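> The structure follows.
The values are calculated or read from the model by the stated rules, or taken from the named source; none is laboratory data. Values in this document were obtained by computation on a predicted structure and should not be read as measured data. For neighbour counting, all protein chains shown are included, and Cβ atoms are generated from backbone atoms with ideal geometry for every residue, glycine included.
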Amino acid sequence: MDIKQIINEFRSLESTTHKDNTYNVISLFDMLHKLGASKERYPMFFIATNDAPNNIPNTIRELLSVEYDMECTINEVSGNSILRKFAIITLRSSDKHLQSYFIEIFAMMLMKMPQQPSKQELSIEVERLVAIFSALSATPRKKIQGLWAELLVIERSLDPQTLINAWHSIPSSKYDFTLGRDKIEVKSTSSEERVHQFSLDQLNPSPSSRLLIASITVRESGQDLNGLSIRDLYDRICNRLQNIEAQIRLYTIIAQTLGNDINKIDAVCFDYITASDTLAFYDYQMIPRILKKDVPSNISEVRFVCNITKLKDITTSNSFDKNDSQLFNSLF
């Protein structure tokens, strides 16, 4: 059973009614945990924790509630009924998009936990879940085109897991990908030429740093085999990942970046073929720039636009040495 099937089965539980703490539920893969719906039609995870004593307090947030040691009866689709204590995690929202995200992300979290996690282990994942859903009520941190471009770099790479590990956890970071002294900054444009805006700091890294600029032409498209959304790129990347933790990190950064624009995850599409064909990488030292030493000390927030169309893509030459760089070797 995949996540989409679980979500579809959850929808069929929406019309169920409960009495005396009795709930109709569906199974989650081969786990002991279950998924049900409240009388308000909110999704509820019933988590079978172990009996290790731990005084973890309940968590009540605007959208999420977590209640430990709640005794209830669950009725499975097979007709089997179980009376026991569960930790119950509820998303208090009728928004179907949010419900789907909640089910998907927490199902992934459950996959990496022990079969019967302790309350302490569960509470750690709950805090991550709270952080994600807090981000979904915030304003977007980046334009959707910029996020799509960064995901394309990951999707086209040789080793997406390395890039996900290096991806910024804060969208306002100076560089999009950082691994030790090696950095990648992604720039996108919808114009015919590679005209990009840079901050003074971006093209003046520390002396021992190595920096590549990824340049991509990104244009909106209708949805088809080659018109892909952020969701489409996410799915493609996840199909190449073996590590659940990397999938969760990928989803978390997307959520933090889109904020309350999360519904655009599958609503806005861009031309995948043009973007892939135009993806190029440039050594920052070859890009015309303003040096920090040339800027008066009382001037700050310097930004400038540079046309790099006629510069040489380093992937077409052997002059760029990336042999000892895990980050750059993950690209091409």
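> So, of the residues in region 89-114 that are within 12 Å of I6 (Cβ to Cβ) and not hydrophobic (A, V, I, L, M, F, W, C), which turns out to be surrounded by the most Cβ atoms within 10 Å (Cβ to Cβ)?
Q99
> Of the residues that make up region 116-138, is at least one over 30 Å from Y23 (Cα atoms) and in a loop (DSSP other than H, G, I, E, B)?
yes
> Would you mind listing the strands (runs of 3 or more DSSP E) fully within region 226-332 where at least 2 residues are modelled with pLDDT of 95 or more and aliphatic (A, V, I, L, M)?
Ranges flagged: none.
> Across region 287-310, what is the total count of residues that are within 32 Å of the chain's Cα centre (by Cα) and of a type in the set (A, V, I, L, M)?
Number satisfying all stated conditions: 4.
> Of the numbered conditions (1) within 28 Å of Y101 (Cα to Cα); (2) touching a helix residue (DSSP H, G or I) at 6+ places or on another chain (Cβ under 9 Å); (3) surrounded by fewer than 19 Cβ atoms within 10 Å (Cβ to Cβ), L233 fails exactly one; give the number of that condition.
That leaves (3) as the condition not met.
> How do the pairs read when you match residues in region 257-273 that are under 22 Å from S172 (Cβ atoms) with residues anywhere that are modelled with pLDDT of 95 or more and of a type in the set (G, A, S), using Cβ under 7 Å and keeping only pairs 6 or more apart or on different chains?
Pairs found: I265/S229; V268/S229.
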